[in-house]
Amino acid sequence: MNFETLRVRQEEGVVFADIAAQPMNLLGPELVGDLVSLIQQTEADSALHVLVFASADPDYFISHADVTRLGNNGEQAAKLTGEPSLGILFRRLSTSRLVTIAQIEGRVRGAGSEFVLGCDMRFAARESAMFGQPEQGLGLIPGAGGIQNLTRLMGRARALEVMLSAEDYDAELAERYGWINRALPASTLGAFVRSLAHRIAGFPADARVSLKDRVNAIALASAEDFRRDTELFRECARNPEAQSRIQSAMARGLQTREAEMDLGLMLRQLEEKPTSKLEWKLLTKRRASSTRGVPPGREALAWVTNTVTLIYGQRDAILVDTLLTEQESKELLDWVVESGKHLTTIYITHAHGDHYFGLKHLLDKFPNAKAIATASVVAAIQNQIKPEFLHSFWEPRYPGQLPSQLIAPEVLEGDTFYLEGEELKVVELGHTDTAHATALYVPSIGLVVSGDCVYNNTHLYLAECGEEARNEWLRALDKIESLHPNVVIAGHGVLNPDSSPRHIAETRLYLRDFIASLASTSTAIELYEMMLSLYPHRINPGSLWAAAKASKPPESADRLKETQLA
C-alpha cells in the first residue's frame, strides 16, 4: 500500500495508518483520496479486520478541511460513496465491516473531528490532544456528521455547547463529555491501542460484523440526516458573511501551523478592530511540587508549572510575575532579553515566592525598570522574605536552588499604569489561593493575567483557604468573568497552555466540587481520594494533599506547616 499522505503498515489482521499530509494535516483532496483508497484496499482483503488511524504530526491529527478546496474533497469522496460529500464518506467508514480506531495526538477540529467521530472508537493523548468544532466562528455549521454524532454521544446540551462555542476542548474534558472513549497518557496510548486492535482482530469476523451492524442500527444517524447537514453547510458557505469571516481568518493565519495552535483565540478576535498595538507571550517552566509526603500513586503528575507573561508594544514591555529558582530566574532573564524589548515594569500579582523570587535578577539587568504591587502584596512579601520564613519553608524544599538575594517590589499608587500609552488595570480579587490576590487586565486586547485565581488542568492550592476564603475565590472568578476577556492566563497550568476563558468555569467547578467533597468526607485521605476520583488527571496532586490536610487536620497536628505554600 503506497500513499502520498499516509504511512501504512500491517500487523497480522490490523492496518496502522499514520496521517502525514504536510504541512499541518489539512484535510485536502490528496488526503481524502488516500483515505478512500485505503478503505477500499483494506476492505477488499478478508484477512484484515481493524484499521487504526494515527498522526505523524505531534501537533495536528487532522487540523480541519482545507477551506480553499472543499469542492475537490467532495470529488474524491464520491469515488467510494458515489456522492460528493465528506459526511457520507465518514458515515461509510462507520458502516464498514472493518473496526476503525482513531489514536489521537495533537489538534483535531472541524472535519477532522467529524472524521474521528466516524471511526468506531477514539482514544486520545491526555497531554496533547485537543478537539474542536470551530464552524460557528466562521459562520458555518458542522456538515460532515458532527451534528449527528456529537448529539448522540454527548446529549443535546453538551453538543450545543461544543458546537456553538467553537472552542477547543482538551482530552480530559472530551472524555468527560463523551467525545472520545478514553484519555490516556501519551506514553501508553500507542501500546494500549495496538493491544486492543489485535484483540478485536483475533475474534470471529462474522460475529464482529453482526455486532457492529446492530449497534449502528441503534446509534448511527440515517444517511438522509447526514445529507441534510451537508446541504445546510453548503448554504452557509455561500453566505457573504461566512465568506467574509473565512477571508478575515485567512488573513489572521488560518491554515498556518503557528496561528492554529490557538484557533479559538483567533476566532474570538475575528471581529475585533486593530485598536491596540500591544501583544503578549508566555514563558512556562516546570518544577517539582513544594508539597512533600504526598500519598503514593500519582508520581507521574507530581509537578507544577509557573507561567510568566510578557506584554509588549513596539519598544517597551512589562512583565507579570517572575519565577522561583536561581536557574529559572536566569532563563527568564535570557527570555526577556531575547525579546529585544525595553523592560519598564514588573508587576507582581500576589505574595507567593514562586511569583516574585526572581525580581533581583531582572532589576539588575534592567535598572530603570520598576517592580510594583499593591500595598497589601508588598507588605506580605516583606514578611515572607525574612530569613526565618525562608529557612523554615522554602530552603528545605529547594535546597541550594533559590536566588541568594530577594527583594520586595514598590507599592503601586492607584490601580492603573501604562505601557506605550495603553492602560493596564489592577483587579483586586481578595482571597484566591492566598490573601490579597490580584489580576492584571489589559482592556485594549481583552487580556487578563489572573495570577493564581484561574488554574489550567492543575489541582488548586486550597491549603490557605477556609470557608470564607473559598467563597471569596468564587467571587473573584465572577469578577474576572465579568470583564469578558478574550484571553485568561493561568498562573499554574499545563506546559502548553491554551489560555482560554473556559478555564474560569473549570476552576469554579473544581472549587464547588472541593466544597461538596469536604462536606461529605471525614478525613484528609478520604477528601484527597474523592477529589482524585473526580479529577484523576490534573497535575500537582501535592496541592490537593496540602489542602486536604489543612481542611481536615489531625487533632494533634501542628497547623503551621500545613498552611504553607503548595
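Looking at L319, L390, which is the one that is under 23 Å from K285 (Cα atoms), of a type outside the set (G, A, S) and assigned to a strand (DSSP E or B)? Let's see the steps before the verdict.
Numbers: L390 fails: assigned to a strand (DSSP E or B).
On inspection, the qualifying residue turns out to be L319.
For beta carbons closer than 9 Å, sequence separation of 6+ or different chains, a first residue in the range 393-414 that is in contact (Cβ under 8 Å) with a residue 24 or more places away in the chain and a second that is of a type in the set (S, T, N, Q) and not in a loop (DSSP other than H, G, I, E, B), the qualifying pairs are F393/Q384; W394/Q384; Q401/Q327; P403/S329; L406/Q384; A408/Q382; A408/Q384.
From the list G118, G146, pick out the single residue that is in contact with an Asp or Glu (Cβ under 6 Å, 6 or more places away or on another chain) and closer than 19 Å to I101 by Cα.
Values: G118 fails: in contact with an Asp or Glu (Cβ under 6 Å, 6 or more places away or on another chain).
Being in contact with an Asp or Glu (Cβ under 6 Å, 6 or more places away or on another chain) and closer than 19 Å to I101 by Cα holds for just one of G118, G146, which is G146.
I need the helices (runs of 4 or more DSSP H) fully contained in the range 144-215, keeping only those with at least 2 residues that are not assigned by TED's automatic domain parsing to the domain that holds D45. Lay out the reasoning, then the answer.
Working: elements: 146-154, 156-165, 171-177, 186-201.
Fully inside the range 144-215 and qualifying: nothing.
For the structure I just gave you, tell me whether V494 is of a type outside the set (K, R), under 22 Å from N306 (Cβ atoms) and either out of contact with any helix residue (DSSP H, G or I) (no Cβ under 8 Å at 6 or more places or on another chain) or modelled with pLDDT under 95 (or both). Yes. Residues of the range 286-304 that are surrounded by fewer than 20 Cβ atoms within 10 Å (Cβ to Cβ) and closer than 15 Å to L495 by Cβ: R286, R287, A288, A300, A302, W303. Assess whether A251 counts as being of a type in the set (A, V, I, L, M), free of Cβ contacts under 8 Å to residues at least 24 places away in the same chain and exposed (fewer than 14 other Cβ atoms within 10 Å of the Cβ). Judged against the criteria, A251 is a match. Do the conditions hold for A56, that is, is it in contact with a strand residue (DSSP E or B) (Cβ under 8 Å, 6 or more places away or on another chain) and farther than 23 Å from A237 by Cα? Criteria met by A56. I'm checking my understanding of the structure. Among residues of the range 322-346 that are in a loop (DSSP other than H, G, I, E, B) and in contact (Cβ under 8 Å) with a residue 12 or more places away in the chain, which one is farthest from V488 (Cα to Cα)? Step by step, filter the range 322-346, then rank; the result is T325. When G132, G112, G146 are checked against the criterion of being at pLDDT 95 or above, buried (at least 23 other Cβ atoms within 10 Å of the Cβ) and in contact with a helix residue (DSSP H, G or I) (Cβ under 6 Å, 6 or more places away or on another chain), a single residue qualifies: G146. Among residues that are closer than 24 Å to A144 by Cβ, in a helix (DSSP H, G or I) and aliphatic (A, V, I, L, M), A242 is included.
Is it the case that the range 489-503 has a residue that's touching a residue at least 60 places away in the same chain (Cβ under 8 Å), in contact with a Leu (Cβ under 6 Å, 6 or more places away or on another chain) and assigned by TED's automatic domain parsing to the domain that holds A439? Explain how you work it out, then say what you get.
Within the range 489-503, the first condition is being touching a residue at least 60 places away in the same chain (Cβ under 8 Å), and the residues that meet it are 489-500, 502.
From what is left, the residues that are in contact with a Leu (Cβ under 6 Å, 6 or more places away or on another chain) are none.
There is no residue in the range 489-503 that is touching a residue at least 60 places away in the same chain (Cβ under 8 Å), in contact with a Leu (Cβ under 6 Å, 6 or more places away or on another chain) and assigned by TED's automatic domain parsing to the domain that holds A439.
Of all residues in the range 209-247, those that are among the aliphatic types (A, V, I, L, M) and surrounded by fewer than 13 Cβ atoms within 10 Å (Cβ to Cβ) total 5. You will find that of A476, A505, A546, the residue that is surrounded by fewer than 16 Cβ atoms within 10 Å (Cβ to Cβ), within 30 Å of L319 (Cα to Cα) and not basic (K, R) is A505 and no other. Residue selection: G155 fails the criterion of being more than 23 Å from V36 (Cβ to Cβ), modelled with pLDDT of 95 or more and buried (at least 24 other Cβ atoms within 10 Å of the Cβ). Taken over the range 359-396, residues that are of a type outside the set (A, V, I, L, M, F, W, C) and surrounded by 16 or more Cβ atoms within 10 Å (Cβ to Cβ) amount to 6.
Determine whether the range 311-318 contains at least one residue that is small (G, A, S), surrounded by 21 or more Cβ atoms within 10 Å (Cβ to Cβ) and over 12 Å from D354 (Cα atoms). Yes, the conditions are met somewhere in the range 311-318. Applying a threshold of 7 Å to beta carbon distances and a minimum spacing of six or more residues, or different chains, the list of pairs starting in the range 361-378 at a residue that is without any contact (Cβ under 8 Å) to a residue 24 or more places away in the chain and in the same structural domain as H350 (by TED's automatic domain parsing) and ending at one that is loosely packed, with under 13 Cβ neighbours inside 10 Å and of a type outside the set (F, W, Y) is empty.
The values are calculated or read from the model by the stated rules, or taken from the named source; none is laboratory data. This structure is a prediction, so every number in the text was calculated from the model and none was measured. Quick reminder, even Gly has a Cβ in these numbers, built from the backbone with ideal geometry, and neighbours come from all protein chains shown.
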